[in-house]
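**Student:** Quick one: structure below, then a few questions.
The values are calculated or read from the model by the stated rules, or taken from the named source; none is laboratory data. This structure is a prediction, so every number in the text was calculated from the model and none was measured. Here the Cβ is made from the backbone with ideal geometry for all residues, glycine too, and neighbour counts use every protein chain on show.
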């Protein structure tokens with residue numbers, strides 16, 4: 001297993017380098033001069049030359065890329081052009097919320113999708129099969145922004161004065177705030193990667209609340225994520241449900257399932273231990289691939305529900321031609337996606353030991 005994981009980790013290196021290169025080039029091909037975007041259309045040529053020299057934009061793209069890679073190897077993601085803050089600090093502020101949203105969305109998609117798929121497969125051609133697949137087909141055809149607005153209208157306006165009210169926007173309720181862990185734990189002198197990881201944990205409302213014992217914060221953070229997670233996760237839920245149904249139906253027709261039943265094994269064990277486990281590999285693949293869609297869907301979702309995450313900040317950075325922010329977010333999000341695929345590969349080896357031998 002260790003050799004299997006090591007091979008997968010080594011394969012990630014050229015992938016990440018390729019992502020850095022493509023992102024670096026693409027953001028510089030976006031029409032518009034960052035000088036005029038930042039300083040205004042009336043900026044003089046002298047001011048623009050000074051601006052480009054300050055941020056190294058007067059060099060050729062290959063020279064800029066080599067310098068950027070050298071800085072990355074030292075853990076330096078650059079400085080934002082707009083407010084001159086370290087990009088790593090901006091990432092540490094915004095990424096935790098997007099990761100919480102993505103985690104809750106994939107949890108919703110996986111639990112509900114697999115449940116619907118199993119129910120449909122075990123009741124093939126029945127009312128339950130038709131009903132769950134109708135729900136799945138409706139879910140996969142709903143645009144994220146439309147579903148988000150619909151959920152906000154239903155639970156925040158129509159059900160406002162009922163126990164079913166769910167907040168339609170914002171990250172936390174008024175009067176509830178995060179506790180700065182570095183200051184609380186006396187770790188303000190930390191630097192580099194440890195400081196970045198501590199900032200990520202500190203800016204995650206759920207982890208912050210768990211580590212400080214503030215479960216009111218945890219509950220409030222989850223409560224505010226219910227609507228956006230449902231909106232962005234519904235399409236993935238529908239895809240997972242359909243894949244679960246087809247994969248489980250195919251597995252239930254295999255000879256070893258008939259043999260298990262012929263030996264008198266109770267139906268629950270046949271389904272859980274033999275059928276569902278062997279049907280999980282394509283399901284896990286689909287769930288892993290949905291991570292990328294959920295991360296990209298966060299742009300619309302965070303805008304609709306006024307969430308200060310990666311998506312909204314990325315849009316601001318693109319519009320203002322803030323290259324370091326776009327590159328930093330793209331690299332970190334790509335790393336999350338690639339790392340998720342690594343976990344999917346490891347889960348393959350767990351579900352089917354034959355894969356380890358290959």
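So that you can scan it fast, the table gives a plain yes or no per residue for (1) farther than 28 Å from residue 194 by Cβ; (2) in contact with a helix residue (DSSP H, G or I) (Cβ under 9 Å, 6 or more places away or on another chain):
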{"position": "41", "(1), (2)": "yes, no"}
{"position": "47", "(1), (2)": "yes, yes"}
{"position": "54", "(1), (2)": "yes, no"}
{"position": "72", "(1), (2)": "no, yes"}
{"position": "77", "(1), (2)": "no, yes"}
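Yes/no matrix, rows are residues, columns are (1) at pLDDT 90 or above; (2) part of a helix (DSSP H, G or I); (3) exposed (fewer than 14 other Cβ atoms within 10 Å of the Cβ):
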site	(1), (2), (3)
43	no, no, no
53	no, yes, yes
64	no, yes, no
68	no, yes, no
77	no, no, no
106	yes, yes, no
109	yes, yes, no
119	yes, yes, no
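**Student:** Check 207, 227 and return the single one that is at pLDDT 90 or above, surrounded by fewer than 22 Cβ atoms within 10 Å (Cβ to Cβ) and either under 17 Å from the mean Cα position of the chain (by Cα) or not in a helix (DSSP H, G or I) (or both).
**Tutor:** Exactly one of 207, 227 is at pLDDT 90 or above, surrounded by fewer than 22 Cβ atoms within 10 Å (Cβ to Cβ) and either under 17 Å from the mean Cα position of the chain (by Cα) or not in a helix (DSSP H, G or I) (or both), namely 207.
**Student:** Sticking with this structure for a sec: Any residue at all in segment 162-170 that is exposed (fewer than 14 other Cβ atoms within 10 Å of the Cβ) and assigned to a helix (DSSP H, G or I)?
**Tutor:** So far as segment 162-170 goes, no, none of its residues is exposed (fewer than 14 other Cβ atoms within 10 Å of the Cβ) and assigned to a helix (DSSP H, G or I).
**Student:** Name the one entry in 332, 249 that is at pLDDT below 85 and surrounded by 15 or more Cβ atoms within 10 Å (Cβ to Cβ).
**Tutor:** 332
**Student:** Looking for something over 30 Å from residue 276 (Cβ atoms) and surrounded by fewer than 18 Cβ atoms within 10 Å (Cβ to Cβ) - is there at least one such residue anywhere in segment 122-145?
**Tutor:** Yes.
**Student:** Sticking with this structure for a sec: Does any residue of segment 138-150 turn out to be farther than 20 Å from residue 294 by Cβ and out of contact with any strand residue (DSSP E or B) (no Cβ under 6 Å at 6 or more places or on another chain)?
**Tutor:** no
**Student:** So in segment 79-101, with the set limited to residues that are in contact with a helix residue (DSSP H, G or I) (Cβ under 8 Å, 6 or more places away or on another chain) and not in a helix (DSSP H, G or I), which one is surrounded by the fewest Cβ atoms within 10 Å (Cβ to Cβ)?
**Tutor:** So, considering only residues that are in contact with a helix residue (DSSP H, G or I) (Cβ under 8 Å, 6 or more places away or on another chain) and not in a helix (DSSP H, G or I), the one surrounded by the fewest Cβ atoms within 10 Å (Cβ to Cβ) is 82.
**Student:** Tell me, yes or no, whether segment 16-29 has at least one residue that is outside any helix (DSSP H, G or I), under 21 Å from residue 80 (Cβ atoms), free of Cβ contacts under 8 Å to residues at least 40 places away in the same chain and more than 22 Å from the chain's Cα centre (by Cα).
**Tutor:** Scanning segment 16-29 turns up no residue that is outside any helix (DSSP H, G or I), under 21 Å from residue 80 (Cβ atoms), free of Cβ contacts under 8 Å to residues at least 40 places away in the same chain and more than 22 Å from the chain's Cα centre (by Cα).
**Student:** OK, next. Determine which single condition residue 306 fails, assuming it passes every other condition in (1) farther than 21 Å from residue 19 by Cβ; (2) in contact with a helix residue (DSSP H, G or I) (Cβ under 6 Å, 6 or more places away or on another chain); (3) surrounded by fewer than 19 Cβ atoms within 10 Å (Cβ to Cβ).
**Tutor:** All conditions are met except number (2).
**Student:** Further question on the same structure: Look through 295, 280, 307, 289 and report the one residue that is within 22 Å of the chain's Cα centre (by Cα) and in a loop (DSSP other than H, G, I, E, B).
**Tutor:** Every option except 307 fails the conditions.
**Student:** Also, I was wondering about something else. Exactly one condition in (1) part of a helix (DSSP H, G or I); (2) more than 21 Å from the chain's Cα centre (by Cα); (3) surrounded by fewer than 17 Cβ atoms within 10 Å (Cβ to Cβ) is false for residue 222; which is it?
**Tutor:** Residue 222 satisfies all of (1) part of a helix (DSSP H, G or I); (2) more than 21 Å from the chain's Cα centre (by Cα); (3) surrounded by fewer than 17 Cβ atoms within 10 Å (Cβ to Cβ) except (2).
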